[in-house]
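The values are calculated or read from the model by the stated rules, or taken from the named source; none is laboratory data. On a predicted model such as this, the values are computed, not experimentally measured, just so you know. Cβ coordinates were reconstructed from backbone atoms using ideal geometry, including for glycine residues, and neighbour counts include every protein chain displayed.
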Amino acid sequence: MYNLFQLPNGDMRIEEKAFSPRVYLDHWALNDFATDISLGQRFIDAMQKRGGSLRISVFGIRELLGQGDQGQVQAIINFLRKVDCGFIHSNPKKVIASENILILKSESCSLISDLIQDVSPPAWDMSLVKEYVLSNGVTPIIRAADVIERIINENIETGGKGLSNNFGAQLNPLINRARNDPVSLSKAAKMFKAVKTRGMEYKAATREIYNLVIAHLIKNKTMGMPTPSHWYDVFHVVVPVSYCHLVLIDGRWTNFIQTTGLKYPDIAMVFNKSTLNDFFNKLENRRFL
């Protein structure tokens, strides 16, 4: 939930308090929780009891727009209305750029428009909320589910093609070239050791996980990324795992995270469909920093 404040100079400021635990759900988990009444209610009860915050990315919205079953999409929106939600960046490069400002001890890392200011950590994506305010007018409270529903209604005919850049189209050629370049392969092979030796540059591991993901894709020549959804999985991983407490993702990416040597509390605890019971146990009982 977002709060909008009028400043003395006439500008507006958006604020959000994302309480612990911060949770991120891959698209398969959103669908499962929204359509399985028992599973969904267990998640809602735990989040409401703990006062946690569910994070949603633009890639998650993009995948919603790609679903053919509009009844299922509406079920997901209804599910999101029952928990506290906020937006998280899907582009790690933008987050790293904001982190760099903090590393350089700049006075502010906020992204500021001419009319609306936001006060937020580097990973929190305020752009969708700003657009919503500019289109719908000023209200004291803005809910993420309302923003998502508006985006879906406005982009349903295009499938959300304008919502995000095609990272896969940009990265695929680079990855393929690197896989056939002995120097790049050697650098990728050394990346894991270098990151572990160097340690984290910022309190969140965004740059480390991003670099390790790229190195992982280069090293694993047989790991295909044939469709946009495969690339969405990559960007479901980097920022959420760096900034959340609990993350539900695809199985092969939980395996990847385990190879990095990074662990909670430096990064999120990661789970997949086969470890769902463990996810709920941590969500319901674990104390988070």
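Restricting attention to segment 68-98 and to residues that are aliphatic (A, V, I, L, M) and not in a helix (DSSP H, G or I), the residue that is surrounded by the most Cβ atoms within 10 Å (Cβ to Cβ) turns out to be I88.
Mind listing just one residue for me: the one in segment 2-24 that is surrounded by 15 or more Cβ atoms within 10 Å (Cβ to Cβ) and among the hydrophobic types (A, V, I, L, M, F, W, C) and, of those, farthest from G66 (Cα to Cα)? This residue is M12. For segment 242-281, a residue qualifies if it is in a helix (DSSP H, G or I), surrounded by 19 or more Cβ atoms within 10 Å (Cβ to Cβ) and modelled with pLDDT of 95 or more, and exactly one does: F279. Close contacts from segment 1-21, counting a first residue that is closer than 26 Å to V83 by Cβ and a second that is acidic (D, E), with Cβ to Cβ under 6 Å and a gap of 6+ residues or different chains, come to M1/D84; Y2/E16; N3/E15; I14/D118.
Of all residues in segment 195-212, those being part of a loop (DSSP other than H, G, I, E, B) and surrounded by fewer than 18 Cβ atoms within 10 Å (Cβ to Cβ) number 5. Could you list, in sequence order, the residues of segment 8-25 that are farther than 19 Å from V129 by Cβ, in contact with a Lys or Arg (Cβ under 9 Å, 6 or more places away or on another chain) and not hydrophobic (A, V, I, L, M, F, W, C)? Passing the criteria: S20, P21. Restricted to segment 25-58, and to residues there that are closer than 15 Å to F87 by Cβ and among the β-branched types (V, I, T), the residue that is surrounded by the fewest Cβ atoms within 10 Å (Cβ to Cβ) is V58.
Does segment 10-27 include one or more residues that are more than 16 Å from the chain's Cα centre (by Cα) and of a type in the set (G, A, S)? Yes.
Quick one: would you say N31 is farther than 25 Å from I141 by Cβ and in a helix (DSSP H, G or I)?
Values: farther than 25 Å from I141 by Cβ: yes; in a helix (DSSP H, G or I): yes.
Against the criterion (farther than 25 Å from I141 by Cβ and in a helix (DSSP H, G or I)), N31 qualifies.
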